[in-house]
Amino acid sequence: MTAALTLEGVSKRYGEFQAVRDLSFQVQKGAICGFLGPNGAGKTSTIRMILGLQPATAGRIEILGADDGRKVRDRIGFLPEERGLYKKMTPVDAIAFFGALKGVPLNEGRKRAKEMLEAQGLGGSSRKKMKELSKGMAQKVQLIASVVHRPEFVILDEPFSGLDPVNQQGLEKMIRGLAADGATVLFSTHVMQHAERLCDRVVLLARGQKAFEGTVEEARSTSRRFLELEGAISPDQVASLPGVSEVEIVSDHGDGVRVLKAAMGQGGRGQEALKAAFLGGLDVRRFDLREPSLHDAFIDLTGVRPDVDQSVKPTGQEAAR
């Protein structure tokens, strides 16, 4: 396969602050790639370098065959984390305006806008003011505006931020549709569940460095399985079971009844732990063996939680670039 995006040894420094360090990965044409990590991990700085909005301190970036994203900007669609549409515009006019900035004639942009809004169930809102739309509807409009010129490469920075589950599902459907139409998609998020459902491959980033690159299943295979037990049991009792490496209390119902989560060490088998629990007379009322999620894998691979902000604000003149 041919790579639509290649990063080799890319670093970004803001004064004394190292935002990205020696980052290398590829995104193949037509793939959906998740760029995953906590806030402050270096995702947005990397996206800005890919787009050519700020220079890399070191390393090489190639996107759609160009060494600078600005050279192929009309072939790229970008949804920034900081949303912004003119509130007094209608969705049709806003989409057509952004299309015109990428070379789409206004009449053609309005035609495409109406078709795309209709496809997303927003046809009835096409002539309302942007300020009259819900946040989920406005976010869909902004995504349409970022792809109305039919880009080959789409970059979405935290596209699910602030959306309710229904609108998140709608946005996931839109992203799948972009890939089905032949676009390459790179989206950043700190919510692992979206990547599990959408991605062909993922890149896990922590503290500005790559922790993993591969498929979701490959990431999960690096992590531990978990037991979830409910009953009148203590963490010490569960920790004594064979194969258990770590125990945490998920919830406490009172009267000694708790839900406990236990990580299974390498080679640990849930059946052996369950057998030992019953032979030991433990009051276990519910017992589940759970395969690791991408969230679990991220914690195991990086040592940090993806929902914990790692931001360190750059200072000096570089912060404004």
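The values are calculated or read from the model by the stated rules, or taken from the named source; none is laboratory data. Computed from a predicted structure; not experimentally measured. All Cβ positions, even for glycine, are placed from backbone atoms using ideal geometry, and neighbour counts span all protein chains on display.
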Residues to consider are 79, 64, 51, 7; find the one that is crowded, with 17+ Cβ neighbours inside 10 Å, within 20 Å of residue 187 (Cα to Cα) and modelled with pLDDT under 95. 79
If I go through the stretch 286-320 residue by residue, how many of them are at pLDDT below 80 and under 15 Å from residue 42 (Cβ atoms)? 11
Since residue 207 meets every condition but one in (1) closer than 20 Å to residue 304 by Cβ; (2) buried (at least 17 other Cβ atoms within 10 Å of the Cβ); (3) out of contact with any Gly (no Cβ under 8 Å at 6 or more places or on another chain), which condition does it not meet? (3)
Name the residues in the stretch 262-287 that are closer than 23 Å to residue 300 by Cβ and touching a helix residue (DSSP H, G or I) at 6+ places or on another chain (Cβ under 9 Å), would you? 262, 263, 264, 273, 287
Scanning the stretch 124-148 for residues that are of a type outside the set (S, T, N, Q) and in contact with a Phe, Trp or Tyr (Cβ under 7 Å, 6 or more places away or on another chain), the one surrounded by the most Cβ atoms within 10 Å (Cβ to Cβ) turns out to be 148
When you go through (1) under 19 Å from residue 151 (Cβ atoms); (2) basic (Lys, Arg); (3) touching a helix residue (DSSP H, G or I) at 6+ places or on another chain (Cβ under 8 Å) one by one for residue 173, which number turns out not to apply? (3)
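Matching residues to (1) polar (S, T, N, Q); (2) closer than 27 Å to residue 219 by Cβ; (3) touching a strand residue (DSSP E or B) at 6+ places or on another chain (Cβ under 7 Å); (4) part of a helix (DSSP H, G or I):
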| site | (1), (2), (3), (4) |
| --- | --- |
| 236 | no, no, no, yes |
| 250 | no, yes, yes, no |
| 271 | yes, yes, no, yes |
| 287 | no, yes, yes, no |
| 301 | no, yes, yes, yes |
Any idea which of 213, 218 is within 30 Å of residue 200 (Cβ to Cβ), among the acidic types (Asp, Glu) and touching a residue at least 24 places away in the same chain (Cβ under 8 Å)? 213
When the stretch 104-136 is examined, which residues are found to be hydroxyl-bearing (Ser, Thr, Tyr) and either part of a loop (DSSP other than H, G, I, E, B) or not assigned by TED's automatic domain parsing to the domain that holds residue 90 (or both)? 126, 134
Pairing a residue in the stretch 251-264 that is surrounded by 18 or more Cβ atoms within 10 Å (Cβ to Cβ) with any residue that is aliphatic (A, V, I, L, M) and not in a strand (DSSP E or B), where Cβ atoms lie under 8 Å and the two sit 6 or more apart in sequence or on different chains, gives 258/233; 260/233; 260/238; 262/238; 262/239; 262/241; 262/273; 264/273
Hits in the stretch 172-202 - residues which are within 8 Å of the chain's Cα centre (by Cα) and among the hydroxyl-bearing types (Ser, Thr, Tyr): 188, 189
